[in-house]
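Below is one structure; the comments refer to it alone.
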Amino acid sequence: MVHQFKASQMSRSGDPPCASSSPHFHWPHPQTATSSPPMAYNTPRSHKQLVHAFTMEETKQTNDKNMTAWKHEINKKIVVMPMAVEDFLERYVPSRANPPPAQVAASGPLPNVPVGQPELGMYGPLCAVLKELVKGFPNDKRLCFANNAHKPIKFPYGKYEQDHHATKPDVIASLPGKTFTGKDPGRWRNISLIFEAKSTESGDPMRYHSNANEETLVQLSKSARNILFAQSRLFTFGIGIYGAMARIYRFDHAGAVCSQEFEYSAANGAVLRDFLWRFVNPISDGCDIVGADPTVRLATSDERMTVEKQLLAGGIMHDNETSKACRWITVKGSENKKSKRYLLYELVFVNPRLFSRATTVWKALEVDENGWPTNLSRDAENRPHGVQVIIKDSWRQLARKPEPEYYKQIYGHIASQLSQPDLVKEASEEDIKGAVMKAWGKTWPGLAEYLIGDDLGANDLEVDEEERTGQQTCSGEHLARGLHRLFERSHTRMVSKSIGTPLSAFQRTKEMIQALRDAIFGTCICFWVHTVYLPYYDLRA
């Protein structure tokens, strides 16, 4: 059953037969990323959440325009999977860990969570239940749960707080082995999981339709979006508690799937315990939870002082926002070259939509295995200067060409203008790139130099299914009822040299005009090569 918003009053909508309206979780002949054709025409425009607010009123959670845009964003994008909840866990919460050991099982009846009463009274008892379920987990795997009691948690990055209101999840879970400290436990980079609770079963938005239930689903989706962006997660989970029943939601950038409803206290919470055990025992050893990106590691608060020293060693100043951005990313080298490691320290741009390409652009410093800058040089004032780059993360729909193909096309065109016409056909990719680089600085000032890139989603498909970490989404095929996989999205990462200065940092009008000229010229190059891909330029004032 695909969730669709309705403007009617609350009404019971029974689940239709699975064979006629609910997609299966496996399709015998799925299309892969390698078979995806380019779109023959533009994607039809659709309403989505607001990216930029033009008035303070539009940033408020109660604003009708804001809420309507979010409803359009997630409409028909959340699918109830027609399988037993145990099969749902096996499929969507992959883990190699053995079932929870006997000592993990609750020793007695779970604490009672009141139903049919004001929901604020549910949060404390719910935390007690969850604490009981993880009591036997190893210390480094145990989650801490906090009653957030509708306390607002700001958008993950201060740069965009003016466009996105704070959200108020009901119950929050820490990262494994961590605890919430202080009066204000919540920053999105410290939260692994959220729970939204309603006091009666009629609060289930996948079964009952009402304005209040629609807003509940929007709230859950916003929290999922915030975790994805704050922690560079591949996908994330949310738990809906509806009276004595519950559902598990899995969000990625193509859509969301959710489990059938289940009684979460049955068998001393066996289903929720199994979910939590799987959640903290992911397949990849480089991940702390299921849904984490094994190529990304966030800097911890204990590493803050060291990270600041590493940035200063590379000639980079830091501020209060730096700690929210700092994370290490590993990018696979081209051909047989060694992978490169980067320390991300500043968010340049983000597309904050949940079900989208979800592009994020970062400033980064090339570092070694220990996190210290490589290839240091000195500027005119004898200050240290590390290798600073721009890293772009995005989720390409499989119906689109991989972005590195556009750069290869651009390189080929430029090289053909710089050397013999046969060079493009006869030379290797490295020869073409070398020819381009010889004249790049003087002849092509408006186009950033592409250094390295990786289609992580395509790489993920090359390994056995049980080894995949989620670099390609899995919700899109269900939106198409299994007819194709072109709605799925593949995680792509690109590294380019940093050129120019943001308009907001220019000192003279002449510099600003030159930047606009170069950006326009770089865009013209793309059209000369007959591409529709535009490199990223920071032209915001």
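The values are calculated or read from the model by the stated rules, or taken from the named source; none is laboratory data. Keep in mind that what you see is a predicted model, and the values were worked out from it rather than measured. Glycine gets a Cβ as well: all are built from the backbone with ideal geometry, and neighbour counts include every protein chain shown. What goes into the accessible areas is simple: the full protein's heavy atoms, side chains included, and nothing from ligands, DNA or RNA. Shrake-Rupley method; radii C 1.70, N 1.55, O 1.52, S 1.80 Å.
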### Summary
Picked from segment 380-390 (must be under 28 Å from the mean Cα position of the chain (by Cα) and either of a type in the set (Phe, Trp, Tyr) or surrounded by fewer than 21 Cβ atoms within 10 Å (Cβ to Cβ) (or both)), the residue nearest to HIS253 (Cα to Cα) is GLN388
#### Entry: Checking THR216 against (1) under 15 Å from ILE78 (Cα atoms); (2) part of a helix (DSSP H, G or I); (3) at pLDDT 95 or above, the condition it does not meet
(3)
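If you check MET437 against the conditions, is it of a type in the set (A, V, I, L, M) and at pLDDT 80 or above?
Details: of a type in the set (A, V, I, L, M): yes; at pLDDT 80 or above: no.
For MET437, the condition - of a type in the set (A, V, I, L, M) and at pLDDT 80 or above - is not met.
Would it be correct to say that GLY124 is part of a loop (DSSP other than H, G, I, E, B) and farther than 27 Å from CYS474 by Cβ? Before you say what the answer is, go through the steps one by one.
Working: part of a loop (DSSP other than H, G, I, E, B): no; farther than 27 Å from CYS474 by Cβ: yes.
Taking the combined requirement at face value, the residue does not satisfy it.
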#### Entry: Hits in segment 524-533 (condition: loosely packed, with under 15 Cβ neighbours inside 10 Å, assigned to a helix (DSSP H, G or I) and either at pLDDT 70 or above or within 31 Å of the chain's Cα centre (by Cα) (or both))
CYS524, PHE527
### Message
I'd like the residue in segment 295-329 that is small (Gly, Ala, Ser) and at negative phi and, out of all such residues, is surrounded by the fewest Cβ atoms within 10 Å (Cβ to Cβ).
### Response
SER301
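What about TRP372, is it aromatic (Phe, Trp, Tyr) and under 13 Å from GLY315 (Cα atoms)? Walk me through it before giving the result.
Details: aromatic (Phe, Trp, Tyr): yes; under 13 Å from GLY315 (Cα atoms): yes.
It is true that TRP372 is aromatic (Phe, Trp, Tyr) and under 13 Å from GLY315 (Cα atoms).
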### Query
Can you spot a residue in segment 488-498 that is under 29 Å from GLU449 (Cα atoms) and either at pLDDT below 75 or surrounded by fewer than 18 Cβ atoms within 10 Å (Cβ to Cβ) (or both)?
yes
### Query
What residue, among those in segment 197-213 that are in a strand (DSSP E or B) and open to solvent by 10 Å² or more (accessible area, probe 1.4 Å), is nearest to PHE145 (Cα to Cα)?
LYS198
